[in-house]
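The values are calculated or read from the model by the stated rules, or taken from the named source; none is laboratory data. It should be emphasised that the depicted structure is a prediction, and the values quoted were computed from it without experimental measurement. Positions of Cβ are generated from backbone atoms using ideal geometry, with glycine treated the same way; all protein chains shown enter the neighbour counts. Surface areas here come from the heavy atoms of the whole protein model, side chains and all, with no ligands, DNA or RNA. Shrake-Rupley method; radii C 1.70, N 1.55, O 1.52, S 1.80 Å.
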Amino acid sequence: MNNPAAKTSVSFREYARFLRRYLSRRVPLVLALGVTLLVSISLQIINPQILRSFIDNARAGAADSLLTRLALIFIGVAVSQQLIGVLVVFITENLGWASTNDLRLDLARHTLGLDMSFHAAHTPGEMIERIDGDVMALSNFFSQFILQVFGNLLLVAGILLVLLREDWRISLSLTAFVALTMFVLLRLANISVSSWE
């Protein structure tokens, strides 16, 4: 807080300890998020398989009753997927707010315990921005990280597993492509973070 421009390096272990500290108080929400996220991803993987079955059966001249049943299952899974997606966002936002409120409380207690020379050097507006504004940015980051990055990683892993069942060569080539893409994105992230700082 003394020098905002000072570059600090945080290890993965410190990130893990930070997350464990603030998420361990919310174990039921974390478990609910894990279950709903896995269900949402599973539905995203299952629904195209149902559509494929519908198309294959329609081309083979299957009975209308079977096609109707497959269409209704497809619609039911799609609606369920949307409802579960809303539930995932709801749980993620609740978890983010609850965890960052704990962080705000800890930061406020810490800063109130500092000596008067610190408070004389920093304006109240700066303190509010650091305690509330920076924590809000952190909350947005965590909710986006869980939903977009972690959720999409699980989705890609699930898709690669389904492709492995279909054709191992396609799955292997796409796995290599995903690994290369992740490597390039991580390298670009390291470049962009230093430029942003």
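Please give the helix 12-23 orientation as an angle from the longest Cα principal axis of the chain, in degrees from 0 to 90, rounded to the nearest 10.
Roughly 90 degrees, rounded to the nearest 10.
Kindly state, to the nearest 0.05, the FRET efficiency for ILE75 paired with LEU38, given R0 = 30 Å and r defined as their beta-carbon distance.
Plugging the Cβ-Cβ distance into 1/(1 + (r/R0)^6) gives 0.85.
In the Gaussian network model of the chain, springs joining C-alpha atoms below 10 Å, which of ALA179, ALA78, ALA120 carries the largest mean-square fluctuation?
Looking only at ALA179, ALA78, ALA120, the largest GNM fluctuation is found for ALA120.
What length, rounded to one decimal in nm, is gained on full extension from ARG17 through to ILE191, with 0.36 nm per residue of separation minus their alpha-carbon distance?
The span from ARG17 to ILE191 would gain 60.1 nm if fully extended.
Once the Cα atoms of helix 64-112 and of the chain are each reduced to a long axis, what angle between those two axes, in degrees from 0 to 90 to the nearest 10, is obtained?
Between the helix axis and the principal axis of the chain, the angle is about 10 degrees.
For n ≥ 4 DSSP H runs only, could you compute -39500 (n - 2.57) per run for the chain, divide by its residues and tell me the 222 nm figure to the nearest 500?
Helices in the chain give a 222 nm mean residue ellipticity of -28000 deg cm²/dmol.
What is the helix-to-structure angle for 151-166, meaning the angle in degrees between its Cα long axis and the longest Cα principal axis of the chain, kept from 0 to 90 and rounded to the nearest 10?
30 degrees
Ordering PHE18, PHE183, PHE118 by how much accessible area each has at a 1.4 Å probe, largest first, what is the list?
PHE183, PHE18, PHE118
Of PHE177, PHE141, PHE150, which is the most mobile in a GNM of the chain whose springs link Cα atoms less than 10 angstrom apart?
Result for the chain, Cα springs under 10 Å: PHE177 fluctuates most.
Please find, in a Gaussian network model of the chain (springs between Cα atoms separated by less than 10 Å), the residue of ASP102, ASP134, ASP56 whose mean-square fluctuation is greatest.
Comparing ASP102, ASP134, ASP56 in a Gaussian network model of the chain, the most mobile one is ASP56.
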